[in-house]
1. Quickly run through the stretch A:1-10 and pick out the residues that are loosely packed, with under 12 Cβ neighbours inside 10 Å and in a helix (DSSP H, G or I).
2. Of these, A:TYR71, A:TYR13, which one is in contact with a Ser or Thr (Cβ under 9 Å, 6 or more places away or on another chain), hydroxyl-bearing (Ser, Thr, Tyr) and surrounded by 14 or more Cβ atoms within 10 Å (Cβ to Cβ)?
3. Considering the stretch B:158-181 alone, what residues qualify as being away from chain A (no Cβ under 11 Å) and not hydroxyl-bearing (Ser, Thr, Tyr)?
4. When only residues in the stretch B:17-75 that are under 15 Å from A:TYR71 (Cα atoms) and among the acidic types (Asp, Glu) count, which is nearest to the other protein chains (Cβ to nearest Cβ)?
5. Check off (1) surrounded by 15 or more Cβ atoms within 10 Å (Cβ to Cβ); (2) within 11 Å of chain A (Cβ to nearest Cβ) for B:GLU8 and give me the number that stays unchecked.
6. Mind checking which helices (runs of 4 or more DSSP H) fall wholly inside the stretch A:17-118 and carry at least 2 residues that are within 14 Å of chain B (Cβ to nearest Cβ) and of a type in the set (Lys, Arg)?
7. Which number in (1) touching a Cys at 6+ places or on another chain (Cβ under 9 Å); (2) surrounded by fewer than 18 Cβ atoms within 10 Å (Cβ to Cβ) marks the one condition that B:GLU143 misses?
8. Taking into account only those residues within the stretch B:134-157 that are facing chain A (nearest Cβ under 9 Å) and without any contact (Cβ under 8 Å) to a residue 12 or more places away in the chain, which is farthest from A:GLY52 (Cα to Cα)?
Amino acid sequence: MSCEKFKNLMMGYIDDELNEHDRGAFLGHVRSCAECSSELEHYRKLKEVTDGMKLTSPEDKIWRDYWSVIYNRIERGVGWILLSICGILLLCYGGYKAVEEFIADPTVGLFVKVAILGLIVGVAILFISVLRERLYFWKRDRYRDVRR
Amino acid sequence: MNRAMDDETHFVVRWRKGETKAFEFLVKKYMRKAYFIALGLVGQHDVALDLSQEAFVRVYRHRRKFDPNRRFFPWFYQILKNLCFNWLREQRANPRIALEDLSERVEREELSLSFDPNLMVERDAVKDRVWKAISSLKPRDREIIILRHFQNLTYREIAEVLSCSQGTVMSRLYYARRALRQKLEQHTEVE
């Protein structure tokens, strides 16, 4: 087995994660390899330092409020979804009613009615086309989870 | 399966049905672990707190995608890690360089050195140097160091959260520690 293989086992050895067989094989190699033996010492010292490093815990208030912050975000998310859906529905309904009244209005000329209808249909086609394109590329975008 | 796992499975089932009380249990069980992992990856208290909470919010929203045959934490960990890595990527892409640094040439790699050394419980010159070296590691290397040394996870646990074999864990630890050693040597030379 090459030194490279034993270097991986070296990690298992210093972390006390090797089984008896691998441990025996590793120790056998270290006894006969000065380079691995010296490297083992370096990594042992490094582990000693890193094991002694601890991160400070934030004040208790942070932990007490932790869940409520999450709950509020979830609740707000639901609120935004409801607001958006209902807003869109009301806008569509209002728009539909306005167009209906506009069409039924005898004082408005046929030319204006046709032009307005054409405008609405044009905007709708553009909107659907852009939406479809976005959805198509979003589904195939490998980096969609990467925040830009 | 031990009793703690049975309890967790019970809460996971209830959470997937949308019960916020069950989700609260899972949040309270893992909030510290989530915060400290994020802290190890991004090195700033406020950001770590925000990202760890955001990870829980996303987990709640995507609960239907959770495979009930898997354990909760490894799945949660993937979401948290992605959020942290994305944040780090964003920082590298749009660095906020302090005005006083504008006159100097700031290396992109060095921009990751914004880890606050005051986040450590006990400080000394050696630990400060190691912390600085850890903060300048590639996120992938830093990740495994954090899981092993700051979370004290066993190889089996690390393999589970990273969805890889224990052999891969050993190999990744070797390359990460080697990189850490090289960084420490570089920093010593500079000083």
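1. Across the stretch A:1-10, the qualifying residue is only A:GLU4.
2. Just one listed residue meets the conditions, A:TYR71.
3. B:GLU160, B:VAL161, B:LEU162, B:CYS164, B:ALA179
4. B:GLU24
5. Unmet condition: (2).
6. Because the criterion is at least 2 residues that are within 14 Å of chain B (Cβ to nearest Cβ) and of a type in the set (Lys, Arg), the helices (runs of 4 or more DSSP H) in the stretch A:17-118 that meet it are A:34-51, A:60-104.
7. (2)
8. B:ARG156
Only the coordinates and a few stated rules stand behind these numbers; no lab work does. Because the structure is predicted, anything quoted here is derived from the model rather than measured. Positions of Cβ are generated from backbone atoms using ideal geometry, with glycine treated the same way; all protein chains shown enter the neighbour counts.
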